[in-house]
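These notes concern the structure reproduced below.
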Amino acid sequence: MNTLHSFPVTLTGDDTESKREEIREYFHKTYDLFEQLFDMLATDEVFYLKSELTRHPMIFYFGHTATFFINKLIIGKVIDERVDPKYESIFAIGVDEMSWDDMDAKNYAWPKVSDVRDYRDHVRKVVDGLISTLPLSLPIDDKDPLWIILMGIEHERIHIETSSVLHRQLPIAYIKEDDSFPLCEMHAEAPSNTLVRIEGGDVRLGKPRDHHLYGWDNEYGTKVEQIKDFDVSQYLVSNGEFMAFVEDGGYRDERFWDGEGRDFLEIRKASHPSFWIETESGSLGYRALNREIEMPLNWPVDVNYLEAKAFCRWKSEKENRHYRLLSEAEWMYLYERAGIEDVPDFDDSRANINLRHFSSSSPVDMFAFDDLYDVVGNVWQWTETPIYGFDEFRPHDVYDDFSVPTFDGKHNLIKGGSWISTGNEMTKHSRYAFRRHFYQHAGFRYVEAEALEVHDENIYELDSSVSQYCEFQYGAEQFGVKNFSVATAQEAVRYARSNGVVFNSALDLGCATGRTSFELAREFDAVTGTDFSARFIQVGVDLQRHGRIAYLRSEEGELTSQQQHTLAEFELEESKNKVDFRQGDACNLKAHIGGYDLILATNLIDRLYEPRLFLESVHERINAKGMLILTSPYTWLEEFTAKEYWLGGYKDEDGKTVHTLDTLRTILGKHFTLVDTKDVPFVIRETPRKFQHTVAQMSVWLKK
């Protein structure tokens, strides 16, 4: 039993000081467990290796969880000073094989392991101090600053699990054994799997906003589903049961694989599950967390979704029946049927979860929930359900792209947790989804039942702010006011041409849904569209990949209308291949972001948490004789920018009126010459009878 296992903190209580101590203990246990996992890397050199090509080196993940605390606390305006801006840039954004993930190795100069350890120590002290001093009222809700602390803790708990997967993907020579991560020693032949009849009924998904546990945005809301009768496997599919599929040539027979699965086989050259290893004797062994062992036939197999589906097709053909994976709703139905209590009443002695028993899988017939085994724990269970948002879904302001980029039909939910699932991961309502070819500590159980309906989810139907921006950038002109994205791009091109700027590269900073980036690409050879939120970038990426977007436009009350736009209707098809969308923080851009002939920042500066950080360094990112163009209506609001960081719109200590343009002259005048200013109006449609008519000021700056 790992002494570091613990339950997540509840949000309720009567004693604020004892709650602080609960949070503090939970934070330090999380931090310790994460670092203990990385202590298993054999040498510092291993930190600079990739466990697989689609991931960053291990050093990234070691630094990432600490920078997450600082970056989210900055966004939430809980703190206003960074610990190390460089680290909080290079370690900021993880990898989910999104097109905006920056995987170019030349863009990273990874620091020393010892320096990252020092940084983590510094962050630990900052967070510990905040836990002691931040205002606290109970119950804690998602507007409370301590919610962001809990967000950071649960984020690190996720990375405890995902990093342990990366550990298993490294050669065993790079991993040290650690007795505090004990493996299960019970190996035997696989038990024969049988089907258990489940009588149908109704099940409710989602949880209320006042739930007693921290939750990610996709967990909230309500959906009721009617479950039809089905038969489900008593056990998770074991290594032994899956072995029959492998030995029958399942990985070579394309009939059992869909197009995505065949692509996976071609790329990976897979002939068996990833954590099965070929031994010197020619037999198949098993890669556990910190050892290679003989194949434990009675442990659950670790596979991705594509492999699980191929097995179901193979078994269906063999037995002339129809097998598939569980749906999310069917898994929840099994959970409730088993009478499992959620945290804090959950009994983790009954399941291989939370590091309570082992640091590995265990026999599939070890932990019973009445007539089924491993309803929770051992390994995650792949489901047929692509993740989506419930009707009441709304992203959290501080982490608005946790879920939305996964609502793309390409990420399937996994349920039930694994042996190393801790914190939020082990709770009833947790909803985690991964790309179908990804590996986690995940397996599956099968059901015999009719096929499920396939729903084509449109992520923009769930995100009113993104839909409104789609309408703003791609919708019809209103009241004779020219489309703002088109107008600013055309003005930028005009000013650049008249001032001798070359048209090699441009940066559209704060690109939102990408229209201005595409418009600039009519003239520039290469355009980088950068926005803080992946939710917005994803629109531009979808247009690049599919040439079209669809979204819901608000009409009246709850009434909406479906809208569609294509690049072809704007004659932008040739532009799409010249645009590269990237996620980034304008106040803390990565060091390699630079070398541009034009930087255009539209309606951005009065939405930055500290605009001077951007303005005082932007010259370093522009080529000689390059141009910076800003637009802004100068609507300074403390919602976005703390008042002490406003550039204008107030009176100073001497009673003098401070205007933004004057401050821009002071900051930018050291490196730029102000060429011109002009007004650029725009109209934002809210409903057919409500519009926002705003006038932004464009200021044009030529680098000296």
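For region 245-254, what are the residues that are in contact (Cβ under 8 Å) with a residue 60 or more places away in the chain and not in a loop (DSSP other than H, G, I, E, B)? Step through it out loud before you land on a result.
Pass one, region 245-254, residues in contact (Cβ under 8 Å) with a residue 60 or more places away in the chain: 245, 248, 250, 253.
Residue satisfying the conditions is Phe245 alone.
Inside region 286-304, can you point out the residues that are surrounded by fewer than 20 Cβ atoms within 10 Å (Cβ to Cβ) and either over 33 Å from the mean Cα position of the chain (by Cα) or of a type in the set (Asp, Glu) (or both)? Let's see the steps before the verdict.
Let us first name the residues in region 286-304 that are surrounded by fewer than 20 Cβ atoms within 10 Å (Cβ to Cβ), namely 291-295.
Within region 286-304, Glu292, Ile293, Glu294, Met295 meet the criteria.
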Could you check, for region 340-361, whether at least one of its residues is closer than 30 Å to Asp179 by Cα, assigned to a helix (DSSP H, G or I) and basic (Lys, Arg)?
yes
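Yes/no per residue for (1) in a strand (DSSP E or B); (2) in the same structural domain as Pro633 (by TED's automatic domain parsing); (3) within 37 Å of the chain's Cα centre (by Cα):
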| site | (1), (2), (3) |
| --- | --- |
| Leu647 | no, yes, yes |
| Glu653 | no, yes, no |
| Thr663 | no, yes, yes |
| Val675 | yes, yes, no |
| Lys678 | yes, yes, no |
| Glu686 | yes, yes, yes |
| Val695 | yes, yes, yes |
Quick check on region 11-35: of everything there that is touching a Pro at 6+ places or on another chain (Cβ under 8 Å) and over 13 Å from Thr422 (Cα atoms), which residue is surrounded by the most Cβ atoms within 10 Å (Cβ to Cβ)?
Leu11
For region 622-631, enumerate the residues that are within 17 Å of Phe503 (Cβ to Cβ) and crowded, with 19+ Cβ neighbours inside 10 Å.
Ile622, Gly626, Met627, Leu628, Ile629
Would you say Ser316 is under 27 Å from Leu37 (Cα atoms) and either in the same structural domain as Phe444 (by TED's automatic domain parsing) or surrounded by fewer than 14 Cβ atoms within 10 Å (Cβ to Cβ) (or both)?
no
Limited to region 193-244, what total is found for residues that are touching a Lys or Arg at 6+ places or on another chain (Cβ under 7 Å), under 30 Å from Ile149 (Cα atoms) and part of a strand (DSSP E or B)?
2
I'd like to verify a number: residues in region 596-637 that are assigned to a loop (DSSP other than H, G, I, E, B) and hydroxyl-bearing (Ser, Thr, Tyr), how many?
4
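Here is a list: Ile414, Ile420. Which entry is within 28 Å of Asp229 (Cβ to Cβ) and among the β-branched types (Val, Ile, Thr)?
Details: Ile420 fails: within 28 Å of Asp229 (Cβ to Cβ).
Exactly one of Ile414, Ile420 is within 28 Å of Asp229 (Cβ to Cβ) and among the β-branched types (Val, Ile, Thr), namely Ile414.
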Given the structure, is Pro208 within 30 Å of Ala329 (Cβ to Cβ), without any contact (Cβ under 8 Å) to a residue 40 or more places away in the chain, exposed (fewer than 15 other Cβ atoms within 10 Å of the Cβ) and within 31 Å of the chain's Cα centre (by Cα)?
yes
May I ask you to list pairs of residues, at least six apart or on different chains, whose Cβ atoms are under 9 Å apart, with the first in region 108-120 being under 13 Å from Pro57 (Cα atoms) and the second being of a type in the set (Phe, Trp, Tyr) and surrounded by fewer than 17 Cβ atoms within 10 Å (Cβ to Cβ)?
Trp110/Tyr48; Val113/Tyr48
Listed by range, strands (runs of 3 or more DSSP E) wholly within region 518-595 having at least 1 residues that are of a type in the set (Gly, Ala, Ser), surrounded by 15 or more Cβ atoms within 10 Å (Cβ to Cβ) and more than 21 Å from the chain's Cα centre (by Cα) are 526-531, 548-556
For Arg356, are the conditions met, namely being more than 25 Å from Phe7 (Cα to Cα) and either touching a residue at least 12 places away in the same chain (Cβ under 8 Å) or not hydrophobic (A, V, I, L, M, F, W, C) (or both)?
no
Within region 557-569, identify whether any single residue is over 26 Å from Thr687 (Cβ atoms) and assigned by TED's automatic domain parsing to the domain that holds Leu615, and answer yes or no.
yes
Look at region 362-385 and say how many of its residues are farther than 30 Å from Asn71 by Cβ and either in a strand (DSSP E or B) or among the hydrophobic types (A, V, I, L, M, F, W, C) (or both).
15
Out of Leu637, Leu613, which single residue is over 30 Å from Gly547 (Cα atoms), surrounded by fewer than 19 Cβ atoms within 10 Å (Cβ to Cβ) and in contact with a Cys (Cβ under 8 Å, 6 or more places away or on another chain)?
Leu613
His619 surrounded by fewer than 12 Cβ atoms within 10 Å (Cβ to Cβ), in contact (Cβ under 8 Å) with a residue 40 or more places away in the chain and out of contact with any Ser or Thr (no Cβ under 8 Å at 6 or more places or on another chain)
no
Answer from Gly443, Gly417, Gly423, Gly475 - the residue that is among the small types (Gly, Ala, Ser), closer than 29 Å to Asn352 by Cα, touching a Lys or Arg at 6+ places or on another chain (Cβ under 7 Å) and in contact (Cβ under 8 Å) with a residue 60 or more places away in the chain
Gly423
Members of region 494-517 found to be under 17 Å from Glu571 (Cα atoms) and either outside the structural domain of Asp676 (by TED's automatic domain parsing) or part of a helix (DSSP H, G or I) (or both), listed by number
Arg515, Thr516, Ser517
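Results for (1) more than 29 Å from Asn71 (Cβ to Cβ); (2) touching a Ser or Thr at 6+ places or on another chain (Cβ under 7 Å); (3) small (Gly, Ala, Ser), shown as yes or no for each residue.
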position	(1), (2), (3)
Phe390	no, yes, no
Asp397	no, no, no
His437	no, no, no
Ala451	yes, no, yes
Ser467	no, no, yes
Phe472	no, no, no
Gly475	yes, no, yes
Lys482	yes, no, no
Test each condition in (1) more than 30 Å from Ser362 (Cβ to Cβ); (2) under 33 Å from the mean Cα position of the chain (by Cα) for Asn239 and report the one that comes out false.
(1)
Collect the residues in region 170-186 that are surrounded by 15 or more Cβ atoms within 10 Å (Cβ to Cβ) and under 20 Å from Pro300 (Cβ atoms), keeping them in residue-number order.
Phe181, Pro182, Leu183, Cys184
If I go through region 122-137 residue by residue, how many of them are in a helix (DSSP H, G or I) and either under 13 Å from Phe69 (Cβ atoms) or of a type in the set (Gly, Ala, Ser) (or both)?
11
Condition met for Leu604 (closer than 18 Å to Gly584 by Cα and either buried (at least 18 other Cβ atoms within 10 Å of the Cβ) or touching a residue at least 24 places away in the same chain (Cβ under 8 Å) (or both))
yes
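With the structure loaded, tell me whether Glu161 is acidic (Asp, Glu), at pLDDT 95 or above and surrounded by 15 or more Cβ atoms within 10 Å (Cβ to Cβ) or whether it fails that test.
Values: acidic (Asp, Glu): yes; at pLDDT 95 or above: yes; surrounded by 15 or more Cβ atoms within 10 Å (Cβ to Cβ): yes.
So Glu161 passes the test.
The values are calculated or read from the model by the stated rules, or taken from the named source; none is laboratory data. Keep in mind that this is a model prediction, so the values were computed, not measured. Counting neighbours? That spans all protein chains shown, and the Cβs are built from the backbone with ideal geometry, glycine included.
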